[in-house]
């Protein structure tokens, strides 16, 4: 049996990814701040799928949190075959008004923890000449984002970093897939204060389950970039041919609060 480590597994896309892996017979290591939520999920998945689930309650925005998780899996002799860096959050507001402490946490979680997890586990995968990593970015990775400046920048980093490392390790039997969902029905918009944004308000959005199933297939196929939704894919590629100054204005218009 193979084992998948999933961060941010207590809700949204991470929770659905845990269910997809469990239904395919994979053991799980689930990481999130809320250990009680993870333990509820553990009981449900172990009973339903007869797999083994190990839970780790950890705030991944803390320094070296990824190393702590890596040491725990190593000490318990758990080999990680699939690493899914899904944990992340955003914040909405003008950069000159937003809270620096929240942004520092965002940078630590969205970029530093993801990079450290990849660093630690990819070494083992390269040694074994097998393994798959999914780093969850966003449609935000393809352009700048006024009113969510730091979040968009962190996701651009995830895409750029993941593409580069995928190129380095692909001939070693390891693949890195960057999943880029568009707006999705999940807890993200509430956490980022985005419910009133034109991007979300009154829109029929894809579910976390749909995005998770798509991401799982893309990772198993070894895709480098996986953009969920045809319109999102068209937009991601069309942006290249539009002046950046215009794209920035359009993004701000779309994200401003609906009146």
*Report the residue count in the range 90-109 for those that are at pLDDT 95 or above and either closer than 19 Å to residue 57 by Cβ or touching a strand residue (DSSP E or B) at 6+ places or on another chain (Cβ under 9 Å) (or both).*
3
*Yes/no for residue 48 being surrounded by fewer than 22 Cβ atoms within 10 Å (Cβ to Cβ), over 30 Å from residue 232 (Cα atoms) and out of contact with any strand residue (DSSP E or B) (no Cβ under 6 Å at 6 or more places or on another chain)*: yes
_Residues located in the range 136-160, provided they are closer than 19 Å to residue 103 by Cβ and part of a helix (DSSP H, G or I)_ = 140, 141, 149, 150, 151, 152, 153, 154, 155, 156, 157, 158
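Results for (1) in contact with a strand residue (DSSP E or B) (Cβ under 7 Å, 6 or more places away or on another chain); (2) modelled with pLDDT of 95 or more; (3) closer than 18 Å to residue 221 by Cβ; (4) buried (at least 24 other Cβ atoms within 10 Å of the Cβ), shown as yes or no for each residue.
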{"site": "118", "(1), (2), (3), (4)": "yes, yes, no, no"}
{"site": "127", "(1), (2), (3), (4)": "no, yes, no, no"}
{"site": "162", "(1), (2), (3), (4)": "yes, yes, yes, yes"}
{"site": "170", "(1), (2), (3), (4)": "no, yes, yes, no"}
{"site": "182", "(1), (2), (3), (4)": "no, no, no, no"}
{"site": "190", "(1), (2), (3), (4)": "no, no, no, no"}
{"site": "193", "(1), (2), (3), (4)": "no, no, no, no"}
{"site": "198", "(1), (2), (3), (4)": "no, no, no, no"}
*asked:* Can you say whether residue 132 is surrounded by fewer than 24 Cβ atoms within 10 Å (Cβ to Cβ) and either at pLDDT below 95 or assigned to a helix (DSSP H, G or I) (or both), as far as the supplied structure shows?
replied: no
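This table checks each residue for (1) assigned to a helix (DSSP H, G or I); (2) farther than 17 Å from residue 212 by Cα; (3) in contact (Cβ under 8 Å) with a residue 24 or more places away in the chain; (4) in contact with a helix residue (DSSP H, G or I) (Cβ under 7 Å, 6 or more places away or on another chain).
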| site | (1), (2), (3), (4) |
| --- | --- |
| 10 | no, no, yes, yes |
| 22 | yes, no, yes, yes |
| 56 | no, yes, yes, yes |
| 68 | yes, yes, no, no |
| 98 | no, yes, yes, no |
*Could you list, in sequence order, the residues of the range 1-19 that are surrounded by fewer than 18 Cβ atoms within 10 Å (Cβ to Cβ) and modelled with pLDDT of 95 or more?*
2
*Within the group 15, 41, which residue is in a helix (DSSP H, G or I) and in contact (Cβ under 8 Å) with a residue 40 or more places away in the chain?*
15
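The values are calculated or read from the model by the stated rules, or taken from the named source; none is laboratory data. Fair warning: this is a prediction, and the values are worked out from it, not measured in the lab. Heads up, the Cβs are rebuilt from the backbone with ideal geometry, glycines too, and the neighbour counts pull from every protein chain shown.
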